[in-house]
Amino acid sequence: MEKPEEKSITVSRTILEVEDLKKHFTQRRGLLSAFREDESVIPAVDGVSFYIRENETMGLVGESGCGKTTVGRAILRLTPLTSGRVIFDGNDITDLPADKFLDVRKQMQMIFQDLDAALNPKMRIRAILKEATTVFGRPSDAEVDRRIDELSEQVNLKPAKLTSYPHELSGGEKRRVGIARALAVGARFLVADEPTSALDVSIQAQIVNLLRGLQRELSLSYLFISHDLRIVELMSHKVAVMYLGRIVEMGLSGRIVNNPRHPYTKILWSSLVEKQTMEASPAFLTRTDWGVFDFERPAAGCRFAPRCPIYIERGKPDICTNPDSEPELVDVGDTHKVACHFPL
Amino acid sequence: MSENTVLKIQDLRTYFFSRSKQVFIRSVDGVDLQVNRGETLGIVGESGSGKSVTALSVTGLVTAEPGVITGTIEFTSNGVTKNLLQGLEDFVTFETVDGRIMTLEKDNRGWQKNVDRLVHRIRGQEISMIFQNPRVSMNPFMTIGKQITESIMLNTAIKNAAEATDKARYWLEQVKIDSPNLRLENFPYGLSGGMCQRAMIAMALSSEPSLLIADEPTTGLDSTIQSKIVDLLVELKEQVGVTTMLISHDINIISRLADNVAVMYGGSVMESGPVERILAKDDEYKHPYTAALLESIPDEEHIKLKGHLKAIEGDVLDTVNIPDGCRFYSRCNRVHAKIEDKCRHTEPDLREISEGRLIRCWLYLN
Amino acid sequence: MRKYRQESIKVVDFSDLPFWKKTDRKDLIYVGYGLIILTLVVVSYILGALQFLPHDPQEINMDLLMAPPGTAGHILGTDFMGRDILSRLILGIQAYFLPGLLAITIALVFGTFVGILSGYWGGHIDTVVNYFSNLVDSFPRLVIILLVVAAFKPSMFFIMIVVGITNIPVVGLLIKDKVLFLKQKNYIEAATALGLSNRVIILKHILWYNCRSVLIIQATLGLAEAILIESSLSYLGFGVQEPVPSWGNMVQAGSNYLMQGNFWPSTAPALAILFTIMGLHLLGDGLNNILEWKRGS
Amino acid sequence: MKFTSIRPIAFTLARELVITALLLVGVSFVVFVILYSAPGDPFALLLQGQVSAVQNSGIHDSLGVPTTWYGQYLSWLGNISTGNFGTSIRTGLPVLAEIVRVAINTLYLTIGAMLITLAVAIPIALMSARQGTTAVTWPLTIFAYVISALPVFWLGYIAIYISTHKFGYFPITVGYSSSKSLGFIPFLLPIAVLGLGNGTISEVVRYLREEMERVFAEDYIRTAVAKGGSIWKHSFKEGFLIPITQIIASKIPFILGGAVVVEQVFNWPGMGRMAWQAAQDRDYPIIMGVVILAAVIVRMGSLLQRVVYVMVNPRASQE
């Protein structure tokens, strides 16, 4: 086993900053819906702020439907923001006109989650990579070939696979192509959306190692989105835990696992690891009787309260369900922030 | 075959023919398994290892062609043993070239009719199944209540609708779904994945089967929901005590639920034995594949130290091009000069090396 | 009994296989037959346009009325006025071919435009397109054409413009569904993330890679429909008028003699319609199965 | 059916009725545009002497006929919304009464033909969906293609020829309402011809088969079989009921179009033949009435389809 990486985080500069990001989806219902304006609003992302420094990985973890993917897509402007600001490399890119935004696209890319849907099934791998290398500028054919060879070597893809179609590749290979495509434009910052989900464990490990190797080689920064707290911890320098559109806990990785302060983080962690850890957790955290709730609409007050074991343990205190007292992220020391009225 | 055996699978082969590539996909390629009464057999393996197809073969649910081509599946209940693949040879003829099936003829429709007759009153009544992706595995056009009631009326002595509804409510309570009365009237649409899976488990148990096949029951659910479902299954195992064949790629789930484990790779069983020995890191016998699989899962220590993960190099075995020798040879890190020739050219047998402990590896044979 | 055979142990890459190995034999038969018919139609059209016919189609031969097929000099026989049926059949293609192409072009061009518009951008455009297509679907095609006929006494080209317009929503909905389906696929999003412009994404990823097969299939079905409309109208007496031949008016004219037991003058054009329309339908369905990889993958 | 589920259906019905009304206004506008732009100003002719619902609105000139295009349109729309479709140019009789007199014949013909089409197509579709391409289903599918490509007018003549020579019936000038002495064959013949020859059988087979195959491959069907249930019962709603109503709704226009030809062949006194006659005589009021009535029938078909869809699909009422 290697020694832990000693990265001095404090000296490098901020590459991406997100301030109070909000994304509300609207759902129209009813008679002749197209002509009516009263809509039901689903806050997929409800005020998220964080920053990522150069050469750093920020992990974003949460259950499906908590809005983590939406955060990634909103940063890359694949979905319009409702409000908030995105600052990339010191420049506010929130309202950048489309043609100016192209410069940002060169530096910021995404690795998509769905293996089968992310690659055009009717294009060969070489054509997919070629398209990516020729988006900006018009390199000569020799240059393109050289670049494709270089990319496939970087992501450890067999050159023979370049003539295949996506559906002929295995899951791991598809993922590698996805990574190569993101690197092809010369991105420095990658949003990796669940890069290890839907992969077998043995392949998962390959991809994690590959992403970490690439980060070292190419000085990349990642926003690493996953539902698997284990992988997130392993990959990231800091971790944010999201619940229903909000960050409920954020801090340096290691602290999140070793010393979680939010009950939700604790539950996420204990639901993942082997039973030994489960048994070591306080009894009320592993009780099985908390139900399943409507994910679409957060409860008033603390949005985690309906599922919260502490809330039940403490006899359902009013502060947790008071609509005016939604807990804010509060620093509890060592840049560790928690949004909870009764942190562990 | 001991009296305690509920299900015994021998030399099961289920192939699919890819018309586009003109090749056989050897999805299940000589599987031997045994499930004993009251125990939970965990089958663990990566995608494409043939574990789900094995389960579908047992209940005659393989729809792609040519499907099951060889083997016996002996199912015992109430003291009667029945081969669920009775007469398979009459429907299939094949020729082998260098020990590999290259030409095959099968009367698929005749076989489907035959297998439907063989599993009649067994499928559903004696063997229940739980599938992955509960939200699409429940009929979206029927209420949860109707679906469970249908299962009860088809498979138990209860033929009265009102009684069956009461029974359905009882089972929904057993699986700890919240507000079971309301759920009876609900359609699967609008229920969360966890709730649908609970309903599905209730439906599977409601026919009071002697064998439950759970095919990736937690895949596609959130980890918090997953752990709840596993908790539920653990609890039901204690209360109901149904014999179970549990299929999963997640070793943690297997380790919590199974008594015995079979590890599958590339369509065949690589090793099997009691769970505490297979999944222990320091057992004296250890298939290199299982060892590598266990190592590639990040454990707590890894995570804390941010160590390099030990990945298994190479790709999951392509079940079209099954090698002559050991299936794991190309990815194996424990081949040494003495056995290399055998590993490359001859497939090892699945051999019992100690009580209840079977392994398919040249390291431990001879 | 079904036979499965793997020929070699070494597996060839799917993309390297010749296409007839990738597809169902049934679909190959369909497409093969369809292509033969299509070629025949196109060649016959050119022959007809160049007046390169075995006989003068208007030449009346009172000595040889209603000759059966196989008669020397008249392979397909003659009609009730002794005119050569083969020549008239070949010339009959003129009645629908160019007008049909016009209808197809209108339907495909505008349908694609409308489909992309409503699928890619959606919103109110989509609502408007939906209402438009529902509106057009409300008219039985032949009935609305009768109205147009009554109002304008139009030529076949004019009628085919109406047919083309009524087919716009059909093509539009197909393209829209395709676009909506593709929009769920991340590779369209990935292309946006890469910095490709909307124009490139629509033209390359959506139209070229994913809609060309739909459009080809719609073109074959469109030609079949043009034949049907033309022959029905000519039969009803609103299309091509005697003595100019059209498959529809040939059936009509021949039908008077059918009751007397003279099948051939009306059956020959009917069979021409039958084989052609069937060929085009089979071509469309076979191509659909092959190009959309419906089977065998 | 429980009471709670009636609300969404009533809601959909109301919604669809509004949409249908909107579309019918659109239909009338399209008809108006065609006739208004026709040479010889047939439209002004049409409005002459008619009692207009908007007569007192001041848009009329001394003749009693509005001069602006919207004036003419609104005036006409007002007329037809009160059931006044004008009078036939040829016979001088009120259009609506004329059409309604023959509409029953057309309805009888089209409904019968639809049933025949489905009766032929459904077994082929179900068989090939369940069994795949076999020695039985493949010829049947080819048969469906052949039938669909047959020109319906020729098929009609052949049918007449056969019935005349084999059975001694000569069905020309036989209509549903006129003669009852000839037995059933004269009535059934046109229906059978239209049912087989309307050109939609192969499409119906293909669509139903594909939907069935798709549903058979769904995970929930596998669950149903695994619990010992019936594959047909579980696939009935999604695989059969919904596609069938869709087919019926979408094929009504084709069958109505085919009816024009078949009524001509058999001298069947229906809307189609009336429209044909009117097109010959340029009797605009009649043909307009037929177009609008046909559109009403088509819209009713889709209304039925929507209602069935909402009744069957628990998800639709939430959308």
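Any read-out appearing in this document is the output of simple, stated calculations on the displayed coordinates, not a laboratory observation. Every value quoted in this text rests on a predicted model; they were computed, and no experiment measured them. Cβ placement follows ideal geometry from the backbone for every residue including glycine, while neighbour counts extend to all protein chains displayed.
So here's what we get for this one:
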quantity	calculated
Summed side-chain charge close to A:Asn120 - residues other than A:Asn120 whose Cβ falls under 10 Å, Lys, Arg +1, Asp, Glu -1	+3
Distant-in-sequence amide H partners of B:Ile43 (H built 1.01 Å from N, under 5 Å)	B:Leu246, B:Ile247, B:Ser248, B:Ala262
Relative contact order computed over the stretch B:78-225 (Cα-Cα under 8 Å; 6+ residues apart), in percent	30
Karplus (6.51, -1.76, 1.60) ³J(HN,Hα), θ = phi - 60°, over the stretch C:154-167, in Hz, Gly and Pro reported as x	x, 7, 4, 4, 4, 4, 5, 4, 4, 4, x, 4, 5, 8
Shape category assigned to the stretch C:86-189 from the gyration tensor of Cα positions, a/c cut at 1.5	oblate
Only Lys, Arg (+1) and Asp, Glu (-1) charged, at Cβ; the stretch B:227-338 dipole about Cα centre in debye	240
Derived scalar couplings ³J(HN,Hα) [the stretch D:143-155; Karplus, 6.51 cos²θ - 1.76 cosθ + 1.60; whole Hz; x for Gly, Pro]	4, 4, 5, 4, 4, 5, 8, 5, x, 5, 5, 5, 4
By average C-beta atoms within 10 angstrom, highest first, the peptides B:303-316, A:101-114	A:101-114, B:303-316
Calculated diffusion of chain C, Stokes-Einstein form, Kirkwood radius summed over Cα pairs, 25 °C and 0.890 mPa s, µm²/s	113
Average beta-carbon neighbours from other chains, 10 Å sphere, peptide A:43-52	0
Under-5 Å amide H pairs with B:Val269, H placed in peptide plane, nonlocal only	B:Asp32
Relative contact order (%) - criterion: Cα under 8 Å, at least six apart; region: chain C	26
Within 10 Å of each Cβ in B:220-231, the average number of Cβ atoms from other chains	6
Whole-angstrom gap from the stretch B:291-366 to the stretch A:119-141, using each part's C-alpha centre	38
Distance between the stretch C:244-278 and the stretch A:324-344 - C-alpha centres, whole angstrom	86
Of the trypsin sites (Lys or Arg not before Pro) in the stretch B:172-246, those whose Cβ has at most 12 other Cβ within 10 Å and which sit in DSSP loop	none
Cα gyration tensor shape for the stretch B:126-246, rounded if a/c is under 1.5, else prolate or oblate	oblate
Computed over the stretch A:118-243: relative contact order in percent, which uses C-alpha pairs under 8 Å that are six or more apart	24
Global form of the stretch B:299-340, assessed from the alpha-carbon gyration tensor, a/c cut-off 1.5	oblate
Residue exposure sequence - C:Tyr45, C:Tyr131 - by fewest surrounding Cβ within 10 Å	C:Tyr131, C:Tyr45
Number of partner chain Cβ atoms within 10 Å, mean per residue of D:142-153	6
Positive-end extreme of charge dipole, chain C - chosen from C:Pro245, C:Pro99, C:Leu223 (charges on Cβ)	C:Leu223
Karplus 3J(HN,Hα) series, Hz, for the stretch D:15-20 with 6.51 cos²θ - 1.76 cosθ + 1.60 (x for Gly, Pro)	4, 5, 4, 4, 4, 4
Neighbour-count ranking [beta-carbon atoms within 10 angstrom, fewest first] of C:Glu189, B:Glu271, A:Glu150	A:Glu150, C:Glu189, B:Glu271
Within-14-Å neighbourhood charge of C:Leu173 [Cβ basis; K, R +1; D, E -1]	-1
Binned Cα-Cα distance frequencies in the protein assembly as shown - 20 Å width, integer %	9, 32, 35, 19, 5, 0
B:Leu279 long-range amide H proximity, modeled H, under 5 Å	none
Inter-part distance where the stretch B:184-243 and the stretch C:90-130 are each reduced to a Cα centre, Å	51
Per-residue Cβ neighbour rank within 10 angstrom, fewest leading, B:Arg334, B:Arg327	B:Arg334, B:Arg327
In Å, descending, principal axis extents of the Cα set of the stretch A:63-155	44, 31, 23
